[in-house]
Amino acid sequence: MRMVLLGAPGSGKGTQGEKLAAHFGIPKVSTGDALRAAVAAGTDLGRKAKRAMDAGQLVDNEIVIGIVEERLAQPDAAKGFILDGFPRNTAQAQVLDAMLVRLGQPAIDKAVHLQVDDEEIIKRLLDRAHKEGRADDKEDVIRKRIRVYNDETHPLLDYYRAQNKLVAVPGVGAVDEIFQRILRVLKH
Ligand code: ADP
């Protein structure tokens, strides 16, 4: 299973990605987690990424593409993976398709869209801000991230729909209920 998770910030990609990874016994690859680790480690790459992240903007394609290619080349990703937060724009999606060819891997099987409306997204992210204190969970930055999502990431729904790979799942309700919905649509 080679899967891409799509959805606005705070739509639950990380949570559902963990459950899917455990269910299928394959790694979850999160560019957000990898970038936050680079920021925490204070590497050059981390410093560069932090500027974009704190402003709610996308980190340079070269940086995230490098992170993903390195990770997908690891042996544990050979039999499948769950991508969370990548691709985030059409250029990244095209590079991903080419990357899988280069790595000798089969193409993406499914793109799962977690559907959550903007109001609920803002509520969740502000709530997470209180609990986790993430630097980019401030109201103005949240609004910017939603704008970036709508402008750059939302068009990916068409990209995967055109390839007959898109499935959509309502991302509201209990975590396990949403997870069961995803498993159900994957069976079709
Ligand atoms: P969320 O989905 O809640 O916005 P993520 O952890 O996925 O959180 O991403 C946090 C930030 O990391 C993004 O706002 C962006 O700056 C950066 N980032 C993550 N993935 C990518 C990517 N594929 N391309 C560019 N920037 C990315």
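The residues on offer are 82, 121, 142, and the sole one that is aliphatic (A, V, I, L, M), open to solvent by less than 20 Å² (accessible area, probe 1.4 Å) and touching a strand residue (DSSP E or B) at 6+ places or on another chain (Cβ under 7 Å) is 82. Could you list all residues from region 139-186 that are closer than 19 Å to residue 2 by Cα and in a loop (DSSP other than H, G, I, E, B)? Listed by number, the residues that qualify are 163, 164, 165.
I'm checking my understanding of the structure. Among residues of region 11-50 that are hydrophobic (A, V, I, L, M, F, W, C) and not in a helix (DSSP H, G or I), which one is farthest from the ligand (Cβ to nearest atom)? Residue satisfying both the conditions and the ranking: 26.
For region 134-155, the criterion of a residue being within 24 Å of residue 185 (Cβ to Cβ) and of a type in the set (Val, Ile, Thr) is satisfied by at least one position. Restrict the check to region 46-63 and report whether at least one residue is over 11 Å from the mean Cα position of the chain (by Cα), under 25 Å from residue 165 (Cα atoms) and either open to solvent by 40 Å² or more (accessible area, probe 1.4 Å) or among the β-branched types (Val, Ile, Thr) (or both). Yes - at least one qualifying residue is present in region 46-63. Only one of the numbered conditions (1) open to solvent by 80 Å² or more (accessible area, probe 1.4 Å); (2) part of a loop (DSSP other than H, G, I, E, B) is not met by residue 135, and that is (1). Applying the set (1) buried (at least 20 other Cβ atoms within 10 Å of the Cβ); (2) in contact with a strand residue (DSSP E or B) (Cβ under 7 Å, 6 or more places away or on another chain); (3) over 24 Å from residue 63 (Cβ atoms) to residue 160 leaves exactly one unmet item: (3).
Restricting attention to region 76-92, the residues that are within 8 Å of the ligand (Cβ to nearest atom) and of a type in the set (A, V, I, L, M) add up to 0. The residues in region 51-75 that are in contact (Cβ under 8 Å) with a residue 12 or more places away in the chain and either assigned to a helix (DSSP H, G or I) or within 12 Å of the ligand (Cβ to nearest atom) (or both) can be counted, and the count is 17. Collect the residues in region 104-151 that are at pLDDT 90 or above, near the ligand (Cβ under 9 Å from one of its atoms) and among the acidic types (Asp, Glu), keeping them in residue-number order. Selection gives nothing. Failed condition for residue 100, given (1) open to solvent by less than 10 Å² (accessible area, probe 1.4 Å); (2) touching a strand residue (DSSP E or B) at 6+ places or on another chain (Cβ under 8 Å); (3) not in a helix (DSSP H, G or I), with all others met? Condition (3) is where residue 100 drops out.
The values are calculated or read from the model by the stated rules, or taken from the named source; none is laboratory data. What you are looking at is a predicted structure, and each value in this text was computed from that prediction instead of being measured. Glycine also receives a Cβ, built like all others from the backbone with ideal geometry; neighbour counts cover every protein chain displayed. SASA here: full protein model, heavy atoms, side chains in, ligands and nucleic acids out. Shrake-Rupley method; radii C 1.70, N 1.55, O 1.52, S 1.80 Å.
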